[in-house]
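A short worksheet on the structure shown next.
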Amino acid sequence: MATDDVSEAGLYATVSESPALPWSWRLVAAGAMLVALALLTAVLAYWGWRWFGPAPTLSPPAATEGDPLRRIAEAHLFGAAAPSAAANEPSMASADLRLLGVFAQRDGQGYALFRAGTRGPLFVAAGTDVLPGMRLEAVQPGSVTLLEGGVRREMPLRRVTAGDKARVATALPRTAQCTAPAGFAGPILRLNAELLSGMINAPDTWKALVQPGPGGLLVRDQSGFAGMMGLRNGDRVERANGVALALPEDIAATVLKPLTRSQAVWVSGIRDGKPQQWLYLNAGACPA
């Protein structure tokens, strides 16, 4: 470092330089400067991240084999939790739902008769709701497919047990209404009372079965519903217990409602150009 030396008289001045620092000291000074800059950078980065960075997420520590809390929980000292219901098990809302009959058509179409506890019979078409949140997706000859909460499950057709047969057999005494009248020649068909009530409450199902024609009602398709009634495509039904049939609405008044009162219904008509007869009985009043 240079300094100025002034003479005592102040007449002149001389300049002298201090000795230069050795290279080792210069290296130490430069290193200290770099360390200080690095520390300053780290401090600024740390507090900048704390102030402006995203909040940290803490993950729970993994349980180890020797974790005493986990071992206590697995021991179920205070009882085990109730298992959750499986996805394919019926819900409480549908626990009392029973499938009593099906009328299967093509591609899963058709109708199904259910009993839903105190609600009574439900006559449902494929693609419509059976209960709130439960849809009848498809109808097969021996079962139906239900869609509930995004889960599909199969419900088989309810089989008649020995107890059911006993109740049916003793429901009503056998009367003259259960025997074929004199002069009758044709098939005898027994229809379930719950099925009849469901048909009356869903008139569109049987109104789609027949259409007005010359001299009576013409059966216009051979669905499972028509087969249940013993009818074929092209049949013409003309009279029920002597009353002329002219409109689809006549089916309810002259066939379905008398059957719900356990009255036999004698239907006459034409099949393949020849006279045809059908006798319908209430299955509960007239078991086979």
- Can you confirm whether region 254-276 contains a residue that is under 22 Å from GLU194 (Cβ atoms), free of Cβ contacts under 8 Å to residues at least 24 places away in the same chain and aliphatic (A, V, I, L, M)? no
- Exception for GLN211 within (1) assigned to a helix (DSSP H, G or I); (2) touching a strand residue (DSSP E or B) at 6+ places or on another chain (Cβ under 6 Å) falls at (1)
- What is the one condition in (1) in contact (Cβ under 8 Å) with a residue 12 or more places away in the chain; (2) over 21 Å from LEU191 (Cα atoms); (3) of a type in the set (S, T, N, Q) that GLN140 does not satisfy? (2)
- Message: Being in contact with a helix residue (DSSP H, G or I) (Cβ under 9 Å, 6 or more places away or on another chain) and more than 21 Å from TYR111 (Cα to Cα) is the filter here; which residues of region 228-255 pass it?
- Response: ASP235, VAL237, ARG239, ALA240, ASN241, VAL243, ALA244, LEU245
- Subset of region 182-215 that is touching a Leu at 6+ places or on another chain (Cβ under 8 Å) and at pLDDT 85 or above - its residue that is nearest to SER143 (Cα to Cα): LEU189
- Just checking, which of ARG106, ARG115 is at pLDDT 70 or above, basic (Lys, Arg), in contact with a helix residue (DSSP H, G or I) (Cβ under 8 Å, 6 or more places away or on another chain) and not assigned by TED's automatic domain parsing to the domain that holds MET199? ARG115
- Task: Quick one: in region 254-288, of everything that is at pLDDT 90 or above and among the small types (Gly, Ala, Ser), which residue is farthest from the chain's Cα centre (by Cα)?
- Result: GLY273
- Message: If the requirement is being touching a residue at least 12 places away in the same chain (Cβ under 8 Å), out of contact with any Leu (no Cβ under 7 Å at 6 or more places or on another chain), surrounded by fewer than 20 Cβ atoms within 10 Å (Cβ to Cβ) and assigned to a strand (DSSP E or B), which of these qualifies: LEU247, LEU218?
- Response: LEU218
- Kindly provide the set of residues from region 201-215 that are buried (at least 17 other Cβ atoms within 10 Å of the Cβ) and in contact (Cβ under 8 Å) with a residue 60 or more places away in the chain, ordered by number. ALA202, THR205
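The values are calculated or read from the model by the stated rules, or taken from the named source; none is laboratory data. Because the structure is a prediction, the values reported are computed rather than measured. Because the Cβ atoms are built from the backbone with ideal geometry, glycine has one as well, and the counts that use them run over all protein chains shown.
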